Amino acid sequence: MPYTAQHLAQTPSRADIEHLPGTTLLEFGTPWCGHCQGAQPLIAQALQQHSDVAHVKVEDGKGQPLGRSYSVRLWPTLVVLQHGQEVARLVRPANAASITQALQSAAPATSRDA
C-alpha cells in the first residue's frame, strides 16, 4: 500500500488497529504541524521501499482516544505494527533511513534472512 497523504476522515478504534493484518505504519500528527509536514517526504521515501506496508495516517489532538491509547505526546509519532502489535516507534524521525530501519524490524525473520 502506498504512502497516504491525507489523514483518515474518521479515526479507527484501537480494536480496529489491533486487528490489522501484516505490517502497518500508524502515523499520528496534524495537517498544520510543522514537524509533521517536514516528515512527510521522509515517510513517503521509506514507504516506497515497502510496498507491502499499510500506511494509516491519523489526525491526533487533545483527548483523542487512539492517540492517548498509544501514549502519543509529540507529533509526528510513527508506530510500526505487526499484526496489530507494536514492534517499533519513532518520534519526529530525522531521516528516511530511521523509518526504513523501523519498518524492517517488523519484517518476518524469513524475509529478513532471504
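The values are calculated or read from the model by the stated rules, or taken from the named source; none is laboratory data. Owing to the predicted nature of the structure, the values given are computational and were not obtained by experimental measurement. Cβ sites come from the backbone with ideal geometry, for glycine too, and all protein chains shown count toward neighbours.
One residue stands out in segment 9-22 among those that are modelled with pLDDT of 95 or more and of a type in the set (A, V, I, L, M): the one that is surrounded by the most Cβ atoms within 10 Å (Cβ to Cβ), namely 17. Against the conditions (1) touching a helix residue (DSSP H, G or I) at 6+ places or on another chain (Cβ under 7 Å); (2) modelled with pLDDT of 95 or more; (3) not small (Gly, Ala, Ser), residue 49 satisfies every one except (2). Of the residues screened, residue 53 is one that is buried (at least 20 other Cβ atoms within 10 Å of the Cβ), under 11 Å from the mean Cα position of the chain (by Cα) and over 16 Å from residue 7 (Cα atoms). The set of residues in segment 71-92 being on the phi < 0 side of the Ramachandran plot and surrounded by fewer than 20 Cβ atoms within 10 Å (Cβ to Cβ) consists of 73, 74, 82, 85, 86, 87, 88, 89, 91. Does segment 44-54 contain at least one residue that is β-branched (Val, Ile, Thr) and in a strand (DSSP E or B)? No, because not a single residue in segment 44-54 is β-branched (Val, Ile, Thr) and in a strand (DSSP E or B).
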